[in-house]
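Q: There's a structure below that I have some questions on.
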Amino acid sequence: MRILVVEDEVDMANALARGLTTQGYAVDTASTGLEGVGLGTVYDYDLAILDLNLPDMDGLEVCQQLRTEKPELPILILTARERIEDKVLGLDLCADDYLVKPFHFDELTARIRAILRREFRERTPSLIAGDLKLDPVSRTAQLGKKELSLTRKEFGILHYLMRYPGRVVSQEELIEHVWNERVNIFSNSIRIHIHSLRKKLGDNANNPQYIETVIGQGYRLLKTSITNSHENTDEIS
Ligand code: CA
């Protein structure tokens, strides 16, 4: 899952990015409101963390613009503004949650999990493809009754493919959603992760049951035997 952090204080932005990456999220940071709106508009984030005191515009304005551009995007305000009026305003205007600095990192991640759980309960129950099952909230995957032990990247790739069963997903798209923006990834690396993922699924590239390689285009989760519990997965972008 991919998180946008809009924060102008470099140390804070770096600490958030580092901490959240450790928790398995892909993180992009923006140091101005304008950059935040830009990134938030262009990319599909699962959550935005937003500072209010920004150098170029007020965070509440950023919040409202993001809300207009991406009505589904969960937004958590993380700010030093601690007055009750500010909290009420932020939550009423645009935000899903509001946390005051200084904060404890564990509380932030607990709130993030709670927001994502709420979102995913509404929009994404477990994804199911044949005997393959993936729970985006608990970040677990099962093949039949067997728990799969996936790396962060493998999980991210499988999650993304299962969101769009039957559709060809390009390597670029996978990189965009599973890796963060600034990491320079060679396409070869995707192939390596797909290879190990297939191995764990007991899948065969030449006669795939789950992940098909579409030469020159990307990868596709085979739609045969898909019994996705949520019909319209396209709305989860
Ligand atoms: Ca600030």
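Q: Specify the residue that is nearest to the ligand (Cβ to nearest atom); the eligible residues are those in the range 35-60 that are among the acidic types (Asp, Glu) and over 20 Å from Asp92 (Cβ atoms).
A: Result: Asp56.
Q: Where residues in the range 1-31 are open to solvent by 40 Å² or more (accessible area, probe 1.4 Å) and more than 10 Å from the ligand (Cβ to nearest atom), which of them is nearest to Leu116 (Cα to Cα)?
A: Taking the candidates together, the pick is Gln23.
Q: Still on this structure, please answer the following. Which pairs do you get when a residue that is closer than 16 Å to Asp46 by Cβ and at pLDDT below 95, found in the range 8-21, comes within reach of a residue that is of a type in the set (A, V, I, L, M, F, W, C) and away from the ligand (no atom under 14 Å from the Cβ), reach meaning Cβ atoms under 8 angstrom, with the pair 6+ apart or on two chains?
A: What qualifies is Thr21/Val27.
Q: Follow-up. How many of the residues in the range 1-30 are in contact with a Ser or Thr (Cβ under 7 Å, 6 or more places away or on another chain) and in a helix (DSSP H, G or I)?
A: Total satisfying the criteria: 2.
Q: Moving on. Determine whether the range 37-51 contains at least one residue that is open to solvent by 30 Å² or more (accessible area, probe 1.4 Å) and hydrophobic (A, V, I, L, M, F, W, C).
A: Looking for residues that are open to solvent by 30 Å² or more (accessible area, probe 1.4 Å) and hydrophobic (A, V, I, L, M, F, W, C), one finds at least one in the range 37-51, hence yes.
Q: Given the residues Ser229, Ser237, which is the only one that is modelled with pLDDT under 90 and more than 17 Å from Tyr160 (Cβ to Cβ)? Spell out how you get there, then give the answer.
A: Working: Ser237 fails: more than 17 Å from Tyr160 (Cβ to Cβ).
The unique qualifying residue is Ser229.
Q: For the range 34-54, name all the residues that are touching a Pro at 6+ places or on another chain (Cβ under 8 Å) and either part of a strand (DSSP E or B) or more than 21 Å from Ile115 (Cα to Cα) (or both).
A: Answer for the range 34-54, where residues must be touching a Pro at 6+ places or on another chain (Cβ under 8 Å) and either part of a strand (DSSP E or B) or more than 21 Å from Ile115 (Cα to Cα) (or both): Leu47, Ala48.
Q: Against the condition at pLDDT below 85, more than 24 Å from Val5 (Cβ to Cβ), outside the structural domain of Gln23 (by TED's automatic domain parsing) and within 20 Å of the chain's Cα centre (by Cα), how does Asn184 come out, does it pass? Let's see the steps before the verdict.
A: On the way: at pLDDT below 85: yes; more than 24 Å from Val5 (Cβ to Cβ): no; outside the structural domain of Gln23 (by TED's automatic domain parsing): yes; within 20 Å of the chain's Cα centre (by Cα): yes.
Criteria not met by Asn184.
Q: Quick one: what pairs do we get from the range 83-103, first residue closer than 26 Å to Asp11 by Cβ, second small (Gly, Ala, Ser) and buried (at least 19 other Cβ atoms within 10 Å of the Cβ), C-beta under 7 Å, 6+ apart or different chains?
A: Matching pairs, first to second residue: Tyr98/Gly90.
The values are calculated or read from the model by the stated rules, or taken from the named source; none is laboratory data. For clarity, every value in this text was computed on a predicted model and none was experimentally measured. Neighbour counts are summed over all protein chains in view; Cβ atoms, including those assigned to glycine, are modelled from backbone coordinates with ideal geometry. Each accessible area value is taken on the protein alone, full model and side chains, heavy atoms only, with ligands, DNA and RNA left out. Shrake-Rupley method; radii C 1.70, N 1.55, O 1.52, S 1.80 Å.
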